[in-house]
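Undergrad: Quick one: the structure is below, and I'll ask about it shortly.
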Amino acid sequence: MRPAALLFDFNGTLSDDEHIQCEIYREIFAEAGKPLGRTEYFAQLAGLSDPKIVRTWLGKERPELVAERVNRYQARAADGSTVGPSVRQAVRYAAERAQLAVVSGAARIEIESVLSAAGLAPLVSLVVAAEDVAAGKPDPAGYTRALELLDRRPNEAIAFEDSEAGVAAAKAAGLYCIALEGTAEIDRLATADEIVGALDVELMQRLLG
């Protein structure tokens, strides 16, 4: 059955920005006195919500660091340059055939600014951001919320993710999940229903006709 809704993770999936996220967290955590390596970021933190990343690495809540990360991200990515031409084309194709939503642990301002700059904001029916749910991925709350607001059952939608935590969230919500290579090691995406190399028009054509 052709899906009625496509639910996209943001960082690392629609927006090719996990390298930016990593750089910013390395800066912030070094300034906080606990340096972070690239390997540690991608192995332990990528895909988690900002508060959980800070709590996991520093062992306590530091909301001011989350706010600073958002500010630094906006300065580097709000121009939409992290959304490549092939992804933009894929989203435009999909928007003519299904409802589109973004389900992310990122802040709403980040998601909306990038989507707007990339020319995709009018195509996305719904954004469920970090501030919309009490628990971030791997908790399924974001996906459950999106399904409720779209008035869709899990078997009517497909989720797209790039991290182990994201795949776990999608599967816990009962969704078919397609994982995108690039952020996590392939074996950490093993619980996804499919693993693909790119989010492109060819994939959308296969899924939506």
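The values are calculated or read from the model by the stated rules, or taken from the named source; none is laboratory data. Predicted model only: the values in this text are computed from it and were never measured. Backbone-built Cβ (ideal geometry, glycine too); neighbour counts: all protein chains shown. All accessible areas refer to the heavy atoms of the entire protein, side chains included, with ligands and DNA or RNA removed. Shrake-Rupley method; radii C 1.70, N 1.55, O 1.52, S 1.80 Å.
Undergrad: Taking segment 56-71 as the search range and keeping residues that are basic (Lys, Arg) and open to solvent by 60 Å² or more (accessible area, probe 1.4 Å), which one is farthest from residue 114 (Cα to Cα)?
TA: To start, the set of residues in segment 56-71 that are basic (Lys, Arg) comprises 60, 62, 69.
When the remaining residues are screened for being open to solvent by 60 Å² or more (accessible area, probe 1.4 Å), the result is 60, 62.
Numbers: 60: 29, 62: 25 Å.
Among those that are basic (Lys, Arg) and open to solvent by 60 Å² or more (accessible area, probe 1.4 Å), it is 60.
Undergrad: Let me confirm something: among 25, 73, which residue is part of a helix (DSSP H, G or I), touching a residue at least 24 places away in the same chain (Cβ under 8 Å) and more than 29 Å from residue 158 (Cα to Cα)? Full working, then the answer.
TA: Working: 73 fails: more than 29 Å from residue 158 (Cα to Cα).
On inspection, the qualifying residue turns out to be 25.
Undergrad: Spot the failing condition for residue 1; the list is (1) free of Cβ contacts under 8 Å to residues at least 60 places away in the same chain; (2) in contact with an Asp or Glu (Cβ under 9 Å, 6 or more places away or on another chain); (3) open to solvent by 70 Å² or more (accessible area, probe 1.4 Å), and only one is missed.
TA: (1)
Undergrad: Looking for something part of a helix (DSSP H, G or I) and surrounded by 16 or more Cβ atoms within 10 Å (Cβ to Cβ) - is there at least one such residue anywhere in segment 176-185?
TA: Let us first name the residues in segment 176-185 that are part of a helix (DSSP H, G or I), namely none.
Scanning segment 176-185 turns up no residue that is part of a helix (DSSP H, G or I) and surrounded by 16 or more Cβ atoms within 10 Å (Cβ to Cβ).
Undergrad: Output the qualifying pairs, or none if there are none: Cβ atoms under 7 angstrom, residues six or more apart or on different chains, first residue in segment 188-209 and open to solvent by less than 60 Å² (accessible area, probe 1.4 Å), second residue assigned to a strand (DSSP E or B) and β-branched (Val, Ile, Thr).
TA: Listed by first residue and then by second, the contacts come to 189/195; 192/178; 194/178; 196/178; 203/196; 207/158.
Undergrad: Which count do you get for residues in segment 109-157 that are assigned to a helix (DSSP H, G or I), open to solvent by 20 Å² or more (accessible area, probe 1.4 Å), under 17 Å from residue 82 (Cα atoms) and at pLDDT 95 or above? Outline the logic, then answer.
TA: Taking segment 109-157 first, the residues assigned to a helix (DSSP H, G or I) are 109-117, 121-123, 130-132, 141-150, 154-156.
Then keep just the ones that are open to solvent by 20 Å² or more (accessible area, probe 1.4 Å); that gives 109, 112-113, 116-117, 121-123, 130-132, 141, 144-145, 148-149, 154-156.
Filter once more, so that each one left must be under 17 Å from residue 82 (Cα atoms): 109, 112-113, 116-117, 121.
Filter once more, so that each one left must be at pLDDT 95 or above: 112-113, 116-117, 121.
Going through segment 109-157 one residue at a time, the tally reaches 5.
Undergrad: Now, a different point. Being acidic (Asp, Glu) and out of contact with any helix residue (DSSP H, G or I) (no Cβ under 9 Å at 6 or more places or on another chain) is the filter here, so list the residues in segment 152-206 that pass it.
TA: Start the filter on segment 152-206 by keeping residues that are acidic (Asp, Glu), which leaves 156, 161-162, 164, 181, 185, 187, 193-194, 200, 202.
Hits for segment 152-206 are 187, 194.
Undergrad: So residue 186 clears everything in (1) farther than 21 Å from residue 83 by Cα; (2) touching a Gly at 6+ places or on another chain (Cβ under 9 Å); (3) at pLDDT below 95 except one condition, right? Which one?
TA: Unmet condition: (2).
Undergrad: If you don't mind, there's one more thing I want to ask. So for segment 78-85 (the condition being in a loop (DSSP other than H, G, I, E, B), among the charged types (D, E, K, R) and open to solvent by 20 Å² or more (accessible area, probe 1.4 Å)), does at least one residue qualify?
TA: Residues of segment 78-85 in a loop (DSSP other than H, G, I, E, B): 78-84.
Imposing the further condition that a residue be among the charged types (D, E, K, R) reduces the set to 79.
Cutting the leftovers down to open to solvent by 20 Å² or more (accessible area, probe 1.4 Å) gives us 79.
There is at least one residue in segment 78-85 that is in a loop (DSSP other than H, G, I, E, B), among the charged types (D, E, K, R) and open to solvent by 20 Å² or more (accessible area, probe 1.4 Å).
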